[in-house]
Each structure stands twice: as structure tokens, then as C-alpha cells.
Amino acid sequence: MSKAYLNYAAKRLIQAAVVILLAYVFTFVVVSILPGDPITNVLNNPQNGFTPDEINEIITAQGLDKPIPVQLWTALSGFLTGDLGLSMRTNRPVATLIAEVLPSTLVLASAGLVVALLLAAVIAYGTQFLPKRFGQGLLRGFPSLFLSVPNFVIGLVLIHLFGFQLGIFRVIEPNSFWATLFAAVALGIPISAQIAEVLIANLDHESGQEYAAVARGRGLGQMRLFTKHLLKPSSLPVITVIALTIGELLGGSLITETVFGRTGLGSLVQRSVSSQDLPVLQAVVSLAAVVFVLVNLIADLAYPLLDPRVKLIGPSARRPATADEGFTDLSKAVTP
Amino acid sequence: MTIASFHSPSRRSAIGRLASLRVQPTIVLSIAIVALMIAWSITPGLFTNHDPINGVPAHKLLAPSAENWFGTDHLGRDLYTRVVYGTSSSVSSALIAVVIGVVAGGLIGLLAGFFGGWVDIVFARMVDVLLAIPKFLLAVIVVTAIGFDTTNAAIATGVSAVGLFARVMRSEVIKTRQATFVESSFLLGGSRWHILWRHVFPNASRSVLPLAVLQFGDSILVIAGLAFLGYGDPPPASDWGLLISIGKDYLKWPWLVYAPAFVTIATVLSVNRISRWLRKTD
Amino acid sequence: MTDRPRFPSVSRRRLLIASSALATAALLATAGLSPALSADSPNNGGDITFLIDSLGDTWIPNNSAISSFQGHIWGHVTDKLLYVDAEGEVTPWIAERWEQNDNATEFTLHLKNGVTFSDGTPLDASAVVANLDIWYAGRKAEGINPIGLFPKTYDRAEAVDAATVKVFFKKPTLGFIPTLGYHGSILISPKTIAAPANQQADLSKTSGSGPYVVESWKEGDYVKLVKRKDYNWGPAAVGHTGPAFLDSITYKLVSEPSVRVSSVLSGQADVAYNASPQELESLKEEGFTVATPRYLGFVNGWAINTKLPPYDDVKVRQALQAGINRQEIIDTVYTPDWKLATSFIQSNVPGATDQSGLLAYNPDKAAKLLDEAGWVKGADGIRTKDGKPLLLTLHSNPYLATSKSVDELIAQQLGKIGWKVSIRAYDVVTFGQKVKYGSLAVPAYEVTRSFIDAGTVASILTNANNGENWFALDESDKALNELRDKIAGAGSAETRKPLLDELQKYVLEQGYFIPRTQIVQRIYAQSPKLKGEVYNGVAYASYYTATKSE
């Protein structure tokens, strides 16, 4: 690791920290636009029978009448010292709430990613080796089809078909193996399309290159050629795409968890959104930003290790075509 | 979101490009579908005799037939009519989202790329934040903040796309700015605004167009997702996502889910095909 | 019970309760109460899964006791001082008997002996005092709210001895006794009450004295209850006082109504809460039990804002009353399990009278009334007066899942008479902020509300004594004020009954309240294997007495 690289890495880390902090503040400001919070909402429900005096007393006692900047400062100083605060909706620590649901979302997201990668690989392999007239065109159409189907529709169809009609899984036990698998399929299908598109484009490119022609001339088996020669160089931009899709895995889990009835980060967000539970929303958004930033950092570090053709001269050299230095490495081109 | 596919440049030879100009039947079909959707949204009354809001309660939950192409819903309303009347809101909200994304994102990218320096740095941090928050989560947070209805869902979807357009616009602007004809224009003493307007903007927007079309299809899906979670207009509105969401409560009558889902998929697929075709023929 | 009830007004549940009450009486008379009796039941044991659409928010007992969702769990984990059945009758539970002074400012409660919370603390007079105090005051700075419906006239409570509590009020408070059987008044261990709010929010750390205890739970996912073997103090009114029969009850959150129902249909779960009414018929056809208990309270309907034109005109209000086809609502949105509204309070409330004549569908009468009021039908079918269209904005009640569909149907019905109806459906949050009784944008507030005692109804309607002023009349309607004061001053149920009848008639005649249907806020679809559950006065199902056959 050269000194220049370390300098660059340090700069990147600081930028990442700034982004996470800004995401936290951004969420606070955005959610504060609309008045209301879980506590006031409960007090305002006429079924609960509170008098206006009682409502005012409770709101003052809870510090909800303080100006927004003061509230932001309180929240921010807690965040900086690692305290995520208390959920206003449940009165429990935000960290506990997130720790409870995180494992389920991690399982779903990683299973979704595995499904997406497998599907993408199968489709990409098919486009390279199936006869042109038979099947290839159809396969090449798959990614755009996958991208056109709302993922809640995929989920509903899977539940209807496999849960109720065929009875493969019990819908009310969403954490069972089969239920998780089908949820992962619903989550993974749109994401597989993005990975497949990049994979196909790169395979097309690489297979046109000389060394592949040479390899083919040597009479290598098609599968070996695919794995040994094509998949590896082609996987470089794929890694970048994967890094970019992490955000979509998290975003997609919001709907997938709702459809499949899983308790996870996504369903926590949904419950928090409907009652404007600000501390939880801030924590989840920051967490998503942290994950996104970290994954992209890792993808960048993995880049030079996978492709010997990429030399670590300087940051801009690693990302040709549409390099955007100003926008850090959260954004990057995926063209080889 | 297909950043990836958008960025993979077409590697077709000149001959290949010419060949692709010969419009494929799928493109014709796609354009026809999109044209039909536009017609549905402008003059829905021409396509159906039923009332989208007032049904015949006695005719509730009928299966698809010659009279009710997509069957009827739980209040005896013709589902096909509801889909047709829901087109306007579904299509125009996606349009709002794209316009917000393109205009706000394009402007940020244009300014950042053209002026560089501190302008670039400030905008860059803003865009970083927008890109670091998962797009759907961002849309959900924004729509929570501004209130649940379809227009707000469209605005939220637009905001969630600002980062993408800003980034693409910026890199295109930088590329164009460094191109020889622009540099020579600088040397010839053209004003910055003139150069921005005459050279940089048209060149950069050429590559933004297919992306905007793609984003249109994607916005339909995101807005449908928001409507599905109940963040759009309430019934009797009949946005496609809302229809699917209502339909899921009546899984015994599956056409209530499948019919609006099919229309959504057909539209988004057509839009995606057109975007692809635009990119190739560009 | 396969025979149909002979009288349409007598529900099957009513018969069940009546017969179980008889059985209890017989038991008490002959053998006395013996917990060993129930232990020998052949149906002892079994586990059930109850699918619910939400598990609410916080679990702080004070803040969650009256939740439509958490109330189910609290009903099994905790006991109350008194029991209120589906007919509104108050009977002993933890309080064996009670007395009050003449002007209803002092009450004495005599407690059952030997009752303990699940943490071992005795449920004695000091525990009851701790509960009364926190119901009244909460701990506001900490985020523990008072119980909103607990009488605000409460002064203090004293433990006279271990089994006797004396409660003092600043003003006469007749409603105190029924309040003790209400869902907000759950008895919690003093140790839990003393714990800080964020600890109370952890359900597993809360102890009650009920027949079940929390074994495990996960926020937004499930709550598993297991039976308490030494429980021996159930309410006599349900016909059983020993330990529960079922070993465990799991409340599992499944947000899709269709998924809840299909899971019960396929035998994966035993009870589906809040099934969509459309699916009830097919459930019944397949032999499943469908329960639509009605709580004691107001019917589902609108409180009309009489300050907002054109609803300041009695003729327009009366046209609205006659322009709604209530039978069509039941036929289209609901099933025959729903009952037509016969008044603005549910027909099972003691004191409710049949005012169906005032609620008949008569579009011609409605049209005539509107003509008389000067609203003329235009070319587009919408009536106008002085260039203004006849508008009605409805805000669908987010607490009732079917509210939107009913609104849409009513919009069709009123549209035929010449109304232009627009529907706004807000989420719970926005609804709470924007939709209030008598506010400028709200001509009709959709009521879903239970109450303890019909005597309290009159005082809610106007703005006297912290009333809610439902119709924005303030003190302007002399006739209503007079009825209100007479009802508050009535010494007995007999003198109160004709006054209540008059009140119901007057409010409906004036078109102040426009009933839609009797409300069923809790719908249960249940496996035929599960039997013997009991529904209380607020329509919560208790599985304390239930058994499951294999």
C-alpha cells in the first residue's frame, strides 16, 4: 500500500463519515417538516379521552414543545456518542429494536443476493452458449422483464402459488426455510436483472477479445471457458454493481418483508413511518448509509486485487470512462 | 434502477447500428402499448362505458367476462374501467417524478460539472447523501414528511432519483467540456453561459434522455410500491399500485391482483424497451 | 349449539352466557367453587395461534391497555376488579363486593383473598391503591400516560386493611364502578408500576395476576402466553374460576387479512382477527366459527358539524338521514352478521331503544327536503343553492378497516339524490391531527367509540363539563341541554330509561347523528376445534374458558 493510497483512503473515510452524519441530519429535518409524533398522536386520539390540559402537560413534560434545532442538537449529541435514543412509539431503546430485527433482514438480504447472483449467472451463461435462434433472445429479454415487474407482485404470486395452492411453506411462519427462500426470490429477481445485464454486456465484450478466441481454439470446454476465462474478468464491474445493489436490497426488503410478513428492518421502518417515530427512522437511515458506504469501500479495495490490469496509480485511473472524483467513490462507473 | 445497463455503452459497429434502425416488431408493440396508455390517461371515457367510481353493488366480485373484461371488484365496479381511469394518475405521477429528477438532478450535475471547485464539492456532498440512502427508503421517508397522497409520492420518487441524474449529468458535462470543440470555443472567447447553453447542455442531455425514459418506467414501479404500502391516494382513486394493494385482500378473486399487475408490467416493459432502443439508435 | 336462536334479538352468544351463568349459579349453590373440577376436564391442554393485524406500539401497561390489539394480551395476562359482560352487566371479580356513599363520592372495595401477581407479590389493598394512582395520574414526564377514560374527579385511595380499599372522589362519580371493568383498568404488580418507563415497555418484565403469563415476545412479531397453573380467581360470570384449559396462546402478527384467513382455513392457525367481511361467508360454509361481537358503545356513524353550512340547516341533515340505504351497506360491504343501526348507540347497550323508523331509507323524502331547503338539481345531477354545490366531505375512519368501502358506497347513494361526496382517507397519524369534531373542514366526523355506561353519553355530546361537543352546538340547543342534565341527575336506571329514549329520538330526528351500521370493530374467524371462548363488554375474546379438541 503506497502512501498516496493511504492518504486517499483516509480522505475517503472522512468523506464517508460526513455522508453518514448528513444522512442523520437530513432525516431529522425531513421528518420534522410534518408536525406530529407517536406521543402526540396517541394523545390526540379522541377514543383515549384526554383533556386538552392533560395533553399540553404531557407534551411539555416530554420536551416535545422545544424548538426543532434544540431537539436536533439533543438527538445529534446522543448520536455522536453512540446513543441512538429511545423509540417514541415503543418507549424502548432504538439500539435494542434494531438489534432484534437486524438478523432477519441480514438473512433475507444475503439470501436475496445469492438468488440474484445465481439467476444472473444462469441467464448470462445461457446468453453465451445457447444457440442464437433458440432461447438466447428470450434469455436476453429476461432482465428487462424482471425489471418491469413490481416486486410486491412477485411476492404475492409466490405466496398465492407456493404458500396456499401448493402448500410448500406456511405463510404464517415467515422465518422457515422455504418461506425465506421464496422471499429471497421475490427480493432477488429485480436485482438479478441488473447484475445479469452487466454480466451479459461484459461477457459479450470479453468473448469478442482475442484471448477468448485463443482459448476456444485450444478446445476448452464451454463451461470451463465460461468460468475460467470469462467470468473472472467480467465479474469486476459486477462487484461494483453488487455494491450498488446493497441499497436496493435494503430498500426492497421494506416491501418484501411487508408482503411476506417478516419482522425485520423493513417492517420496522414501515411501523415507524406510520407513527413518525423519528429516532428509529434516523437510526435506520444512518445504518443504511453506513452499510452502503462500507460495502462500496470494500468493493473499491477488492477491485485491484481481482484484475491485474488495473494498476493502483491513482484513484482516477481505476475508474475510467465516467470518473467522477468530486462525488467520491459512492458513485462510480461500471463500464470495464 | 439500471445504472448499470445505462452505462454499458453500445458496442455495435456502424453496420449493427444501421441494422437496429430497422425497427423491430417488439418496438412497434411497445410504442403501441405506450400510445394506448397515453390515450387511456387523456380520454379514459372513450375506452369504457362503465363508471369507475359508482358500481353495481349486486354485481360484486364477478369473474372476467365479455361484459367486464377484468371482472368486478368488491363494490361491483368494473375493474377494467378502474384500471383505465387509474392510468392518468399512474402515468402523470411517474412523469412528475421524472421531471423532478431530471430538472433538479440535471441542474445540480450541470452546475457541479461545469463550474467545478467549491460548487462541485458542495453539490457532491448533497448528492452523496441522496445516493447513500436506499432509493425506496428515501422515497418512503420523503413521502412521510410531506404527507400521503399520489402527488407527494411522485415528488418523493423524483427526489429519490435526483442523485442519479446529478451524477450522470455531471460526468457527461465534464466529458463534453473537455471535448476539443468546447475547448476551442473557450479559446475563441465564447462566454461561459453561451458555451454552457450551446455546447455542453445539448451534448449532455442527449445521454440523459434514454435514462429519463428508463426512469419513467422505474418511477411507475416505485410509485406503485408506495401506493401498495398505502402512501398514495386512497380509494376511490384507482392507481395501479393501489388496485393491486386492494386486490391482495381478496386473493380468492385473483384477477383483482393479476389484471392491474399485468397492465403495470406491460407498460413498464414497453417503456424499458423504448429506452433501450433510443440508446442504440442514438 | 346447532339450534338456531328462536328470537331474532337473542344472539347465540347471549344464550351461551345465560346458560353459563346458570351453570355458575348452580355450582355456587351446590358444591361451591372448586378449581379441581376444571382440572379434570378431558379437554385440558392444547395450544392455539391467534393471528392479529398489529401488535400495537408501546407495551407500557397504562399506554396500551385500551389498544384494540394489545388489549387482547392484557385481557389474558391481567385481571380487573370487576367484570363487565357483553350486555353491560357488572359483576364481581377481584373485588368481591363494593359499597358507595349516597352522593357517590366515596367507594369501598372488598378484595378477594389469596390473589397474587405472577412475580409473587400479593394483589392486596396496597397494590390496588398503587394501580388506582397510576391510572389517574400516570408519570407524565417519564412517558407513562394516565388512563384517559379514568374519572378525572379522582382524589385518593386508602388501604383500610389488606383486603379493603376506600376510594375518594372530589365530585359525585357514578361511573367509577363500571370503569373498573373497562379495558383500561388492568391490575399490574406494584413492582412493575414502580419500574421506569423503558423497563415497563419490555412486556416480559411486566407481571399481572391473570390466567396467563408472557413466555416470550418480539416487537412487531409475536407474543406467546403460557398458562399460570396456580390461577384460581377467574370472574364467576364466565362460569369458570380455576386455571385456564389451553396451555398456551400465541398472538402472531400477520398484516394481510387474506393471509390470516387462509392460514386458519388451512389449519395453520386457530383464530384470525379482523377478517375481511367478504370472506366470512365462505368461512362459515366450510364450518368455521365466525364471531362478530358488538361492543357497548356508539354505532358507527357521523357526528354532524352543525356550524358548517349547509349542515346548519336541519332539513339538509334530515335529508342525509333519509338518503342513506343502510341495508345496502350491510348487503354489499358486510354480511348478515352485521346489524342495522336502530339508534345511535348499539342495540345491546342497556337503555338503547329502537328508533328504526327514523333511519329508514327514503330517497324521495330526502329529495323533497332538499328541494324545500332550496337545493336545486342541476344538469350534472348535483344540487346547488346560490351557485354553491351540495358538498359532503367524508374522512374515512382509519380505525375501522371497512370504513373506506362504506364511504364509497354512501357516496354512490347520496350521489343519486344530488350530493357531491368527496372522500379523504388519512392514515392514523394525519387523521388524529386534521380530523376533529366540529373543525372547519369536517362536516361529518365518523365515530367508532365504546363507552362504559349509557349515562355518560349525554355529557359527551355538548361542551359542558369537558364534554366533546360532537355537533358543535355548544350550549345552543336547549332541548338537548335539558335532557343531558336530567340524565346526569337521574337516581336510578328506571327513571333514566325514558330520558335516554327521548335523547336518542331527539338526536336522530334533528339529524345530529347519522348512524351507518352497528359497529363490529373486532371480527373473529375461528377453527371449529376451538370452543368456549367468551366475549366481554368491549368485544375482546377471552380464551381463558376455551378448549381445543384434536
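Run the quick spin-label model on C:ASP230 and A:VAL122: label points 7 Å from Cα toward the beta carbon, then report their separation in nm to one decimal.
In this crude spin-label approximation the distance works out to 5.9 nm.
Stretched out fully, how many nm does the piece from A:LEU21 to A:LEU102 gain, at 0.36 nm a residue minus the Cα gap?
27.1 nm
FRET efficiency for B:SER92 and C:GLU494, Cβ-Cβ distance as r, R0 = 56 Å, nearest 0.05?
E(calc), rounded to 0.05, equals 0.30.
Using θ = phi - 60° and the Karplus form 6.51 cos²θ - 1.76 cosθ + 1.60, what ³J(HN,Hα) does each residue of segment A:53-61 get, whole Hz, x for Gly and Pro?
4, 4, 4, 4, 4, 5, 4, 5, 4
Return the single residue from B:LEU251, B:LEU131, B:LEU196 with maximal mean-square fluctuation; model: Gaussian network over chain B, springs between Cα atoms under 10 Å.
Greatest mean-square fluctuation among the candidates belongs to B:LEU251.
Let me have the relative contact order for segment C:300-518, percent, based on Cα pairs under 8 Å that are six or more residues apart.
Result for segment C:300-518 is 34 percent.
For segment B:48-64, take each phi angle, set θ = phi - 60°, evaluate the Karplus expression 6.51 cos²θ - 1.76 cosθ + 1.60, and give the result in whole Hz per residue in order, putting x for glycine and proline.
7, 9, 7, 9, x, 10, 9, x, 9, x, 5, 9, 7, 6, 7, 6, x
Using 32 Å as the Cα-Cα cut-off, could you pick out the over-long pairs in C:LYS404/C:LYS529; B:LYS135/C:LYS205; B:LYS60/B:LYS135; C:LYS365/C:LYS478; C:LYS152/C:LYS486; C:LYS229/C:LYS252?
In this structure, C:LYS404/C:LYS529; B:LYS135/C:LYS205; B:LYS60/B:LYS135 lie more than 32 Å apart at Cα.
Under 5 Å between amide hydrogens, which residues at least 5 positions from C:THR116 or on another chain qualify, with H placed 1.01 Å from N in the peptide plane?
For C:THR116, the qualifying residues are C:LEU123.
To the nearest whole number, what is the average tally of beta carbon atoms from other chains within 10 Å of the beta carbons of peptide B:220-229?
4
Based solely on its DSSP helices, what 222 nm [θ] is calculated for chain C when runs of n ≥ 4 H residues each add -39,500 (n - 2.57) and the sum is averaged over all residues, nearest 500 deg cm²/dmol?
Details: 18 runs with 159 residues, N = 550.
Theoretical 222 nm ellipticity from helices: -8000 deg cm²/dmol.
Using amide H atoms built 1.01 Å from N in the peptide plane, name the residues 5+ places from C:ARG139, or on other chains, whose amide H lies under 5 Å from its own.
Those qualifying (amide H under 5 Å, at least 5 residues apart or on another chain) are C:ILE144, C:ASN145.
Nearest 0.05, what FRET efficiency do A:ASP65 and B:ASP51 give at R0 = 51 Å with Cβ-Cβ as r?
Here the calculated transfer efficiency is 0.60.
Mean Kyte-Doolittle hydropathy of 0.5 or higher plus an axial Cα length of 20 Å or more: which whole DSSP H helices in chain C meet both? Intermediate results must be reported in sequence, preceding the final value.
On the way: long enough: C:12-30 (27 Å, 0.94); C:403-417 (21 Å, -0.08); C:493-509 (24 Å, -0.72).
TM-like helix candidates: C:12-30.
Can you compute 3J(HN,Hα) from phi for each residue in segment A:294-299, using the Karplus curve 6.51 cos²θ - 1.76 cosθ + 1.60 with θ = phi - 60°, rounded to whole Hz and x for Gly and Pro?
Calculated HN-Hα couplings, in order: 5, 4, 5, 4, 4, 4 Hz.
Roughly what would the spin-label model give for A:TRP178 and A:ILE14, points 7 Å off Cα along C-beta, in nm?
5.6
Taking a cut-off of 16 Å between Cα atoms, list the aspartates and glutamates near C:LYS385, but don't count ones fewer than 8 places away on the same chain.
Counting by Cα, and skipping residues close in sequence, C:LYS385 has these aspartates and glutamates nearby: C:ASP312, C:ASP313, C:ASP371, C:GLU372.
Please give the peptides C:292-302, C:536-546, C:141-151 ranked by average Cβ packing (other Cβ atoms within 10 Å per residue), highest first, as a rough proxy for protection.
Working: C:292-302: 25.3, C:536-546: 23.5, C:141-151: 21.3.
Ranking, from highest mean packing down: C:292-302, C:536-546, C:141-151.
Just for segment C:300-518, what percent of DSSP beta bridges are antiparallel, to the closest 5?
In segment C:300-518, DSSP labels about 65 percent of beta bridges as antiparallel.
Output the peptides C:315-326, B:58-69 sorted from most to least packed, where packing is the average of other Cβ atoms within 10 Å over each peptide's residues.
Numbers: C:315-326: 23.8, B:58-69: 14.0.
Going by the mean number of other Cβ atoms within 10 Å, highest first, we get C:315-326, B:58-69.
Using a simple charge model, +1 on the beta-carbon of Lys and Arg, -1 on the beta-carbon of Asp and Glu, nothing else, what dipole does the protein assembly as shown show about its Cα centre, in debye to the nearest 20?
Using Cβ point charges on Lys, Arg, Asp and Glu, the protein assembly as shown gives about 4360 debye.
Tell me which residues come under 5 Å, amide H to amide H, from C:LEU394 once H is placed; ignore anything under 5 positions away on its chain.
C:SER422, C:ILE423, C:ARG424
What FRET efficiency, computed as 1/(1 + (r/R0)^6) with R0 = 35 Å and r the Cβ-Cβ distance, is obtained for C:ASP133 and C:SER439, rounded to the nearest 0.05?
Details: r = 35 Å, r/R0 = 0.99.
Calculated value: 0.50.
Return the tail of the calculated pair distribution for the protein assembly as shown, meaning the percent of Cα-Cα pairs more than 60 Å apart.
I get 18 percent for the Cα pairs in the protein assembly as shown exceeding 60 Å.
For segment A:57-95 and segment C:363-418, write down the distance between their C-alpha centroids in whole Å.
46
Throughout, read-outs are computed from the coordinates displayed, never taken from laboratory work. The shown structure was predicted, so the numbers you read here are calculated from the model rather than taken from an experiment. Glycine gets a Cβ as well: all are built from the backbone with ideal geometry, and neighbour counts include every protein chain shown.
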